[in-house]
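The values are calculated or read from the model by the stated rules, or taken from the named source; none is laboratory data. In this text the structure is predicted, and so the values were computed from the model without any measurement. For neighbour counting, all protein chains shown are included, and Cβ atoms are generated from backbone atoms with ideal geometry for every residue, glycine included.
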Amino acid sequence: MKLKQSAFPLLLLVLLLTATLSAQPKNQSSKQETPNADALFVMDKVWTIHLTITAEDYKKMMPEMPNRGFGPPGQFGPPGPRPGQDVVVPAPPQGPPPGGIETIPRINRLPNLPPGEIGPDGPPNGPPMGPPMGPMMEREYPEVRATFEFEGKPVGEIGLRYKGNSSFMGSRFNDKRSYKLDFNQFDKKLRFYGLTKLNLNNNFADPSMMREAIAYEIFRDAGLPGSRTSYARVYLTVKGEKEKQLLGLYTMVEQVDEKMLARFFKDKNGLLLKPQMVQGLPNLGDDWKPYEKRYGVRSEGKEAEAKRFIAFTKLVNDADDKTFAKEISSYLDVKSFARFIVLNSLVANLDSILSMGQNYYIYHDPEQGRFQFFPWDLNMAFGGFPMAGTSWQQMELSLLHPHAGEHKLIDRVLDLEGVKKIWLEEARQLLETVYRAEKINARIDALSKAIRPAIADESADALSMFEKAMSTTLPDAQSQLPPDGGGFGGRGFGGPGGPGGGMGRAQLPLKPFIAKRIETAREQVAEKSLGFVPQRRMGGPGRRPN
């Protein structure tokens with residue numbers, strides 16, 4: 001009996017010590033497993049990612065190509081002949097018009113601009129929104145199961161699929177394709193730095209591998225919503241076929257979802273849209289269904305928000321000038337929209353709302369009741385998009401008409417009294433704050449130092465192109481002309497065939513491009529120039545070869 005009484009306190013002490021010791025590592029481990037995404041999105045950090053999938057699933061990832069396909073005779077770049085040519089309209093005359101900037105007409109109304117549209121073989125004066133462009137709109141990427149390792153440690157099983165349009169087609173003959181990662185596809189509790197999804201972008205057509213990261217930072221620094229980025233060396237294992245093959249350096253891009261929206265808006269549950277090949281802001285009628293696909297609904301919001309968006313499109317397309325001027329500010333933060341368009345112009349981002357009618361989001365902020373615009377897919381910023389003029393021309397991109405052809409929303413907002421001056425004032429402020437050469441060059445230097453070793457590991461060719469992209473001098477302008485047969489084809493977009501030569505035109509080194517862009521933008525702000533107005537025509541959808 002005495003033995004039991006003396007042993008009880010000792011046993012209790014042992015149990016308490018055991019519980020304390022076991023609890024400490026568990027708490028530390030928990031913090032390590034669910035760190036904040038701020039620790040992941042460090043711009044000049046290069047992480048290591050390893051993806052493992054079965055050979056069967058690897059084959060399943062390749063999408064079925066639609067009937068309207070990439071017809072002969074060539075894919076992106078040479079050697080395919082090019083029956084169609086980009087239509088590049090010269091910039092308006094230098095110097096301000098006699099009556100000042102308020103008298104500048106809508107440039108797309110001038111007789112020397114051919115009306116353009118997107119769609120297969122549409123009539124010259126057809127509607128500004130054609131049907132989806134061949135395979136780019138019809139392709140669906142199958143999602144498969146993969147094992148995800150980060151910094152040498154297993155994280156779990158995730159959903160993995162390809163992503164992108166031009167980035168996919170431009171890399172479909174090698175393994176360095178862009179990926180979408182879904183962390184809770186198979187485990188609803190799995191999180192990665194608090195994230196449920198992540199994008200791995202392959203930096204297609206960007207030899208600097210930093211256009212996207214820098215452009216996103218500029219948008220964020222300007223106070224607009226923008227995804228965060230970091231870098232990763234990505235390795236791929238296909239069981240029985242490839243063993244930890246280095247794919248190369250990727251840009252990790254934050255997914256636009258509720259978590260991202262919560263950083264910029266008090267209410268993260270509004271209507272979220274991601275338009276695809278939408279020219280202007282067309283009204284599709286009173287039924288919401290046509291809007292769902294065309295405007296790419298990403299989060300439904302409330303029924304009232306859908307009705308409000310329909311009303312917004314009606315105002316833009318059908319209202320008289322007096323009604324539009326009176327009501328537009330209740331639907332749109334005009335100053336924020338001006339900043340969004342001006343920034344796209346300053347960074348010369350034409351694979352966007354400015355030309356292709358894609359690569360941007362529209363969010364209905366429930367608190368304000370107004371629609372906000374912000375960017376996506378910025379890998380062709382800084383003059384990298386070849387279908388709207390050369391990089392030299394894009395260095396002089398117009399601030400007051402940076403868009404190709406007609407864009408009802410941009411045109412009507414700019415027609416409002418006093419808005420052109422507000423527009424140029426936004427540009428002046430941005431040039432004095434976030435779009436300064438010293439600031440951007442410092443970021444380029446930091447990123448170059450961080451990512452150069454990973455680019456060297458990728459390939460000698462990648463390193464050679466990277467070094468050229470880091471040059472501080474501009475090449476001869478003649479080198480910007482597309483080679484015979486280069487660029488996108490006439491009907492469709494070429495293919496099948498070999499990888500070809502990128503997208504037909506070289507890109508200019510970043511630092512001198514930005515310096516020249518700042519110079520030409522300042523001339524426009526001072527009303528000494530109107531800049532370069534892009535214009536392009538596109539061929540039909542192409543047909544799959546027999």
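For beta carbons closer than 6 Å, sequence separation of 6+ or different chains, a first residue in the range 384-411 that is modelled with pLDDT under 95 and a second that is among the acidic types (D, E) and not in a helix (DSSP H, G or I), the qualifying pairs are F385/D351. Applying the set (1) at pLDDT below 95; (2) assigned to a helix (DSSP H, G or I) to F312 leaves exactly one unmet item: (1). Pairs linking a residue in the range 507-536 that is modelled with pLDDT of 95 or more to a residue that is of a type in the set (F, W, Y) and surrounded by fewer than 22 Cβ atoms within 10 Å (Cβ to Cβ), with Cβ atoms under 6 Å and 6 or more positions apart or on different chains, do not occur.
Criterion applied to K259, K244, K197, K239 was being surrounded by 17 or more Cβ atoms within 10 Å (Cβ to Cβ) and basic (K, R), and the one residue passing it is K197.
For the range 507-535, the candidate set comprises residues that are surrounded by fewer than 22 Cβ atoms within 10 Å (Cβ to Cβ) and among the charged types (D, E, K, R); within that set, the residue that is farthest from R428 (Cα to Cα) is K511. Screening F70 with (1) touching a strand residue (DSSP E or B) at 6+ places or on another chain (Cβ under 9 Å); (2) modelled with pLDDT under 95; (3) outside any loop (DSSP other than H, G, I, E, B) gives one miss only, at (3). Exactly one residue among A446, A460, A454 is modelled with pLDDT of 95 or more, touching a Lys or Arg at 6+ places or on another chain (Cβ under 7 Å) and more than 21 Å from G383 (Cα to Cα), and that residue is A454.
Is it the case that some residue within the range 254-267 is under 18 Å from the mean Cα position of the chain (by Cα), aliphatic (A, V, I, L, M) and assigned to a loop (DSSP other than H, G, I, E, B)? Within the range 254-267, one or more residues are under 18 Å from the mean Cα position of the chain (by Cα), aliphatic (A, V, I, L, M) and assigned to a loop (DSSP other than H, G, I, E, B). In the range 343-432, counting only helices (runs of 4 or more DSSP H) that sit wholly within it, the ones holding 1 or more residues that are among the basic types (K, R) and more than 26 Å from L249 (Cβ to Cβ) span 408-415, 419-432.
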